[in-house]
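Since the structure comes first, as structure tokens, the remarks are kept for the end.
The values are calculated or read from the model by the stated rules, or taken from the named source; none is laboratory data. Note that the coordinates shown come from a computational prediction; the quantities given were computed from them, not determined experimentally. FYI the Cβ positions are ideal-geometry reconstructions off the backbone, even for glycines, and counts take in every protein chain you see. Side chains included, ligands, DNA and RNA excluded: accessible areas come from the protein's heavy atoms. Shrake-Rupley method; radii C 1.70, N 1.55, O 1.52, S 1.80 Å.
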Amino acid sequence: MTPQSPTSEKPRPVRGFSFLERASSPPGAWAFGLLLGALYVAGIVALRLRAPFTDEIDHFTQITQFLRGTNRILTELTTIPGYHALVAAIMRACGADSLDAARLANAGFGLFAVAGFHALRRRAWPGTETLATAQVLVLPILVPLLFLVYTDVLALALLLWAAWASVSRRHVLAALFATALVGVRQHEVVWTGLLVLLALGDDAGRLRSEPRRLLASLWPYAVPVAVFVAFWAWNGSISLSRTQAALHPDATLHAGNPLFALLVAGLVLPLQVLQGLVACIAALRRRRRNWLLAAVPVFVACGFWFGFHADHPYNSAYPSYYVHNHLPLLIEQRQLARALAALVAAAAACALATFRLRPAGAYGLFPVGLLFLAASWLVELRYALVPLVFWLAFREHRSRAVEYATWALWLALAVCMYLGTLTLRLFL
């Protein structure tokens, strides 16, 4: 099957899978839209008049400072307050000042992110965007963040639209999105590397022969990097907060988040892992001397067993409430849990790598995602969100039944996760 050229004005239908060819007007698309729209509104309404959840306290306090015309930055704030300034501007324009209004603005950012995913998926795998977008709307580790005052959803939206612009060869627009991203979650500037690879696309092979011509069009991507470097030099640390800088050290690499992200992927994508394992076994049978493929799960399992540590001070806080602390501490304290987690992570690493990615340059997701995850000491469930969503945007669908089953599974898990958040029983 020939990959779709990212420069095409009118993407052709995907060939090779009959259900994909018929998916340009999928049956039940309106039912998907109505159901998910109703659930989205219900998610917004269910949070009305609820007290702030965890980091919402700091984020909304900063927003309130801007609403009052005060430019004082909270000493605990680790990110550049572009998110807070934007939410405050929206609220001021609407004459609102409540936490519910700030949450509604974030829900709007969620729709902006979903639209960006739909646009990117349509460029990569035309004809599959409806089902893929429906899956993202119920992704369990994303759903609670859609309706809370957190920076993650706006940052994800900016990244998805930047990727779409890169694939579409709109480099200045992509750089504008990436520069805005620096003002929301500055450490995510690492993903500019993926944007460059997506922008190069099929031309990457001619980089040696025509470097000047190819690189000349990519100069806009230097802007977000330059802005980030300027901020880093001025502030003295990547964390905006000087008091938090020691807990978010610069230029250090840690194994915790990459291994934890593989575990999360294996847990939320069990059917795809099974599909991938079948493909792995078939590949090993065809190429009996392919030791590299066989070594991947062994390497990951050993790395998890010996190298996974959740030793950040924040990872010990309220493990009975925070999922991202409960799982790592369980792995640290019980050998059986560590062994099972290592097996799941190894299976995910081997299986998910067998899925084809599009467009050209999408395989840059793996090295850039590894760098992004390894750069953070604190093991966080939220950090796996960006690489997972990008993988969902770029990967092939092998079976309609598996993809619909995944959507149903995620819907059930998302409802449980959201109800757990509302009842204060758990939090991401």
If you find the alpha carbon centre of segment 169-243 and of segment 32-93, how far apart are they in angstrom?
27 Å
Might you report the magnitude of the Cβ-based charge dipole of the chain about its Cα centre, with Lys and Arg at +1 and Asp and Glu at -1, to the nearest 20 debye?
1400 debye
If I build a Gaussian network model for the chain, linking alpha-carbon pairs within less than 10 angstrom, which residue out of Pro387, Pro126, Pro313 has the largest mean-square fluctuation?
Pro313
Computing the accessible area with a 1.4 Å probe over protein heavy atoms, can you report the carbon and sulfur percentage for segment 95-177?
67 percent
Would you please name the trypsin sites (Lys or Arg not before Pro) within segment 143-234 that are DSSP coil residues with at most 14 other C-beta atoms within 10 Å of their C-beta?
Arg169, Arg208
Gap in Å between the Cα centre of segment 134-154 and the Cα centre of segment 297-370?
21 Å
Roughly speaking, what is the stretch gain from Val298 to Ala38, that is 0.36 nm per residue apart minus the C-alpha to C-alpha distance, in nm to one decimal?
89.1 nm
Could you look at segment 252-397 and say what percent of its accessible area is carbon and sulfur, using a 1.4 Å probe and all protein chains?
71 percent
Compute the relative contact order of the chain as a whole-number percentage, counting only Cα pairs closer than 8 Å that sit 6 or more residues apart in sequence.
20 percent
Springs between alpha-carbon atoms under 10 Å, Gaussian network over the chain: tell me which of Leu86, Leu357, Leu146 tops the mean-square fluctuations.
Leu86
For segment 284-349, run through the chymotrypsin sites (Phe, Trp or Tyr not before Pro) and keep only the ones in DSSP coil with at most 16 other Cβ atoms within 10 Å of their Cβ.
Tyr321
For segment 252-397, whose charge dipole is built from +1 on Lys and Arg Cβ atoms and -1 on Asp and Glu Cβ atoms, the candidate among Ala255, Ala347, Asn315 with its Cα farthest towards the positive end is Ala347
Suppose we flag GluC sites (Glu not before Pro) only when DSSP calls them loop and at most 15 other Cβ atoms lie within 10 Å. Which is the longest uninterrupted stretch of the chain?
77-428
Please report the net charge: other residues with Cβ closer than 13 Å to the Cβ of Leu47, K and R +1, D and E -1.
+1
Mean ellipticity per residue at 222 nm, deg cm²/dmol - from DSSP H runs of n ≥ 4 across the chain, formula -39500 (n - 2.57):
-19500 deg cm²/dmol
